[in-house]
1. Could you order the peptides 16-22, 67-73 from most to least packed, using the average number of other C-beta atoms within 10 Å per residue?
2. Compute the acute angle (0 to 90°) between the alpha-carbon long axis of helix 2-18 and the principal axis of greatest extent of the alpha-carbon atoms of the chain; round to the nearest 10°.
3. Two decimals, Cα atoms only, Kirkwood Rh: what is Rg/Rh over region 2-66?
4. Kindly express, to the nearest 10 degrees and within the range 0 to 90, the angle between helix 20-37's C-alpha long axis and the longest C-alpha principal axis of the chain.
5. For helix 43-65, what angle does its Cα long axis make with the longest principal axis of the chain, in degrees from 0 to 90 and rounded to 10?
6. In deg cm²/dmol and to the nearest 500, what is the mean residue ellipticity at 222 nm of the chain if only DSSP H runs of at least 4 residues count, each as -39500 (n - 2.57), divided by the residue total?
7. Assuming 1.002 mPa s and 20 °C, estimate D for the chain with Stokes-Einstein, Rh taken as the Kirkwood radius over Cα pairs, in µm²/s.
8. What FRET efficiency, computed as 1/(1 + (r/R0)^6) with R0 = 25 Å and r the Cβ-Cβ distance, is obtained for SER42 and GLU20, rounded to the nearest 0.05?
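Readers should treat all values here as calculations from the given coordinates under stated rules, not as data from a laboratory. Since this is a predicted model, take the numbers as computed values, not measurements. Cβ placement follows ideal geometry from the backbone for every residue including glycine, while neighbour counts extend to all protein chains displayed.
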Amino acid sequence: MSIRQSVGAAAVRYAQQFCEERQEHLIKVLVDVLAILLPTASEGENAKVSKFIKKAIKLKHEMAEEPALYQCYWLDGCDSYDDELVDIEGAENGAISICTFPGLARTTANSEDGECVARLVKARALLQGAFLF
């Protein structure tokens with residue numbers, strides 16, 4: 001993972017050094033798209049969008065430099081229900097029918113066990129029992 005971490009840190013340094021104006025252009029374009037989708041959006045809302053995008057870019061940079069791998073995961077239909085992987089609402093039962101939202105996992109290197117996987121956000125799914133009437 002140290003190679004991935006080094007490449008991530010180099011990419012972040014490059015982006016901070018050379019891509020500042022590109023990021024500002026991206027923010028302007030996204031705010032313009034928001035203005036088309038929501039014509040009544042105020043300047044305050046546009047400023048919030050700009051702030052949100054800047055925070056997302058900062059988070060991406062921090063995740064690239066961190067010595068961990070982040071990955072989204074989906075659950076396949078007919079997988080068995082596992083409380084560690086999926087979050088459901090209600091008193092459903094049975095196998096997974098539809099994954100409605102992906103989960104987020106973080107994998108870190110561990111000197112004792114090799115790799116340690118932490119589920120930061122559980123996937124959401126509907127179980128087959130939700131469709132029985």
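1. 67-73, 16-22
2. So the helix axis and the longest Cα principal axis differ by about 40 degrees.
3. Answer for region 2-66: 1.11.
4. Its long axis makes an angle of about 60 degrees.
5. With rounding to tens, the tilt is 70 degrees.
6. Per the formula, -15000 deg cm²/dmol.
7. 118 µm²/s
8. With R0 = 25 Å, the Cβ-Cβ based efficiency is 0.40.
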